[in-house]
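Undergrad: Pasting a structure below so you can have a look.
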Amino acid sequence: MARETIVQGSTPPGPPGDNNDSELRPLRMSEMVGQKDVCERLRIAIDAACKRGEALGHVLFDGPPGLGKTTFATCIPREMGVGVQLTSGAILKSPKDLVPYLTNAEERSVVFIDEIHRLPRAVEEYLYTAMEDFRIDIILGEGVNARTHNLWLKPFTLIGATTRAGMLTGPLRDRFQVREHLGFYTIGELSELVIRNASKLKVNIDRDAAEDIAKRSRSTPRVANNRLRWVRDYATSRADGHVTSAVANAALKMAGIDRSGLDAQDRRYLETLIRVFGGGPAGAEAIAHTMNTAADTLVDEVEPFLLRSEFVVRTSRGRVATVRAYEHLSLQMPEEDP
Ligand code: ADP
């Protein structure tokens with residue numbers, strides 16, 4: 001039986017960044033939809049490690065938010081029947097914050113560091129010997145009496161997750177034996193996810209309604225779950241609880257999610273780029289300032305979908321709105337200079 005130890009400041013009962021996701025988060029890899037190749041490779045690595053009685057090699061997941069990095073990180077220890085400690089690069093400010101996780105790690109157990117790209121350099125360097133030799137140096141005493149002691153750790157698995165693989169240094173990246181990139185989900189995969197999760201939430205849903213939700217979920221499971229929850233509330237309050245395509249569309253429209261899956265923030269981004277910056281080119285920082293939001297949020301959460309859906313292109317001089325963006329907002333594209 002898997003034992004989950006959650007050690008993270010005053011953590012609510014769920015992984016970091018978990019917004020009430022726990023009721024829908026798959027517990028086992030067999031319950032996950034999509035990412036078939038990743039699942040298959042991980043199953044082989046897990047199976048081999050278990051057969052050898054060894055810790056699984058360190059695993060790094062990268063990919064945009066909401067695609068299943070934390071879900072994999074919590075399913076893997078369950079598959080192996082070992083414990084897991086969860087933390088985040090954002091709260092590990094110095095090596096001493098990391099030490100309890102490493103010294104508490106039982107043999108073959110998992111330490112999960114979300115947003116690992118946010119680790120300060122000193123903490124990252126402290127991880128190197130822990131990952132490679134299962135050893136850390138600790139300083140006992142103070143001033144002239146201070147002595148460095150080697151502390152041997154039990155072999156454990158570090159699972160790191162990042163939305164910014166490019167920000168990881170080479171030495172850290174190279175210490176992960178397994179590296180997996182999580183890509184976006186197809187509409188078919190998300191429809192399946194919506195149907196499965198509707199059943200978990202005890203909601204009756206028509207297949208075409210599930211597809212309507214999937215189509216407007218930015219190819220991302222977390223978004224599909226959030227849309228489904230809203231549609232469920234709407235169906236309960238405004239209809240008889242049964243989610244038909246008409247109910248799903250009315251609910252999504254009311255939430256400001258349009259036929260292409262853009263929400264109010266996406267449209268604001270496009271409107272800012274077009275109205276304030278004449279369609280671009282404009283830098284992410286400048287757009288973020290005008291929208292009074294953080295540039296990181298735009299880059300991580302808003303732009304990937306707009307870029308993939310070809311509403312915006314990135315050029316060396318900045319972001320530029322495409323014809324599709326103008327058409328979507330029913331705005332006139334400026335005439336090209338002769
Ligand atoms: P990330 O860590 O990449 O930001 P999460 O693993 O927290 O994303 O996933 C967000 C939510 O989406 C989870 O709570 C889970 O319910 C759902 N989810 C993600 N990936 C899958 C998947 N492959 N199958 C089923 N549900 C998933």
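The values are calculated or read from the model by the stated rules, or taken from the named source; none is laboratory data. These figures come from a predicted structure and were not determined experimentally. Glycine gets a Cβ as well: all are built from the backbone with ideal geometry, and neighbour counts include every protein chain shown. These accessible areas exclude ligands, DNA and RNA; they are computed on the full protein's heavy atoms, side chains included. Shrake-Rupley method; radii C 1.70, N 1.55, O 1.52, S 1.80 Å.
Undergrad: With springs only between Cα atoms under 10 Å, which of THR103, THR244, THR157 fluctuates most in a Gaussian network model of the chain?
TA: Result: THR103 has the largest fluctuation of those listed.
Undergrad: In addition: Heavy atoms only, 1.4 Å probe, whole protein assembly: order HIS58, HIS149, HIS117 by accessible area, highest first.
TA: Most to least solvent-accessible, the answer reads HIS149, HIS117, HIS58.
Undergrad: Still on this structure, please answer the following. Report the gain in length on full extension from GLU31 to ARG275: 0.36 nm times residue separation, minus Cα-Cα distance, nm rounded to one decimal.
TA: Gain in length upon complete extension: 83.3 nm.
Undergrad: Counting other Cβ atoms within 10 Å, keep those with at most 11, restrict to DSSP loop, and tell me which GluC sites (Glu not before Pro) in region 235-338 are left.
TA: Filter output for region 235-338: GLU310, GLU335, GLU336.
Undergrad: Hey, what angle do you get for helix 95-104 against the long axis of the chain, alpha-carbon based, 0 to 90 degrees rounded to 10?
TA: 70
Undergrad: Between the helical axis of 121-133 and the dominant principal axis of the chain, each derived from Cα atoms, what acute angle in degrees is found, rounded to the nearest 10?
TA: So the inclination is approximately 60 degrees.
Undergrad: Explain nothing, just compute: Karplus ³J(HN,Hα) = 6.51 cos²θ - 1.76 cosθ + 1.60, θ = phi - 60°, for every residue of region 22-37 in order, whole Hz, x for Gly and Pro.
TA: Computed from phi, the couplings for region 22-37 are 4, 5, 9, 6, x, 8, 10, 4, 5, 8, 7, 9, x, 6, 4, 5 Hz.
Undergrad: Follow-up. In the Gaussian network model of the chain, springs joining C-alpha atoms below 10 Å, which of GLN85, GLN177, GLN35 carries the largest mean-square fluctuation?
TA: Residue with maximal mean-square fluctuation among GLN85, GLN177, GLN35: GLN177.
Undergrad: Quick one: with all protein chains in place, what share of the accessible area of region 145-270 is carbon or sulfur, to the nearest percent (1.4 Å probe)?
TA: Carbon and sulfur: 49 percent of the exposed surface of region 145-270.
Undergrad: Rounded to the nearest 5, what % of DSSP beta bridges with both residues in the chain are antiparallel?
TA: 35
Undergrad: With a cut-off of at most 16 other beta carbons within 10 Å, and DSSP calling the residue loop, which GluC sites (Glu not before Pro) in region 52-118 qualify? Please list them.
TA: Of the GluC sites (Glu not before Pro), the ones in loops of region 52-118 whose Cβ has at most 16 other Cβ atoms within 10 Å are GLU54, GLU106, GLU107.
Undergrad: Of the residues ARG319, ARG25, ARG118, which exhibits the maximal mean-square fluctuation in a Gaussian network model of the chain defined by a 10 Å Cα contact cut-off?
TA: ARG319
Undergrad: Could you work out how far helix 245-254 tilts from the main Cα principal axis of the chain, as a 0 to 90 degree angle to the nearest 10?
TA: That helix lies at roughly 80 degrees to the long axis.
Undergrad: Excluding residues on the same chain fewer than 8 positions from LYS96, give the lysines whose Cα lies under 21 Å from its Cα.
TA: Straight-distance partners of LYS96: LYS154.
Undergrad: Give me the lysines in straight-line cross-link reach of LYS36: C-alpha distance below 20 Å, same-chain residues under 8 apart excluded.
TA: Result set, ordered by chain and number: LYS69.
Undergrad: Which value results when the Cα radius of gyration for region 187-254 is divided by 2.2 N^0.38 Å?
TA: Taking the Cα Rg and dividing by 2.2 N^0.38 Å, one obtains 0.92.
Undergrad: Two decimals is fine: what's Rg over Rh for region 264-328, C-alpha atoms, Kirkwood radius as Rh?
TA: 0.90
Undergrad: Could you work out the mean projected area of the convex hull around the alpha carbons of the chain, in square nanometres to one decimal?
TA: 21.2
Undergrad: In Å², and per residue, what accessible area does the chain have when probed at 1.4 Å with the other protein chains present?
TA: For the chain, the per-residue accessible area is 50 Å².
Undergrad: Further question: Which one, TYR269, ALA295, ALA282, is farthest towards the positive end of the dipole of region 264-328 when Lys and Arg carry +1 and Asp and Glu -1 on their Cβ?
TA: The residue sitting most towards the positive pole is ALA282.
Undergrad: Got the relative contact order for the chain handy, in percent, Cα pairs under 8 Å and 6 or more residues apart?
TA: Dividing the mean separation by the residue count of the chain yields 15 percent.
Undergrad: Determine, from the Cβ-Cβ distance of GLU125 and ARG43 and an R0 of 30 Å, the FRET efficiency 1/(1 + (r/R0)^6), rounded to the nearest 0.05.
TA: The formula returns an efficiency of 0.40 here.
Undergrad: Still on this structure: Which trypsin sites (Lys or Arg not before Pro) in region 252-317 pass both tests, a DSSP loop state and at most 16 other beta-carbon atoms within 10 Å?
TA: Of the trypsin sites (Lys or Arg not before Pro), the ones in loops of region 252-317 whose Cβ has at most 16 other Cβ atoms within 10 Å are ARG259, ARG317.
Undergrad: Now, a different point. If you wrap a convex hull around the Cα atoms of region 106-230, how much volume per residue is inside, in Å³?
TA: 167
Undergrad: For region 221-229, what does the Karplus curve 6.51 cos²θ - 1.76 cosθ + 1.60, with θ = phi - 60°, yield as ³J(HN,Hα) per residue in whole Hz, taken in order and with x for Gly and Pro?
TA: Rounded to whole hertz, the list is x, 4, 5, 4, 5, 5, 4, 4, 4.
Undergrad: Right, here's the next one. Please give the charge dipole size of the chain, origin at the Cα centre, charges +1 on K and R Cβ atoms and -1 on D and E Cβ atoms. Round to the nearest 20 debye.
TA: It comes to approximately 480 debye.
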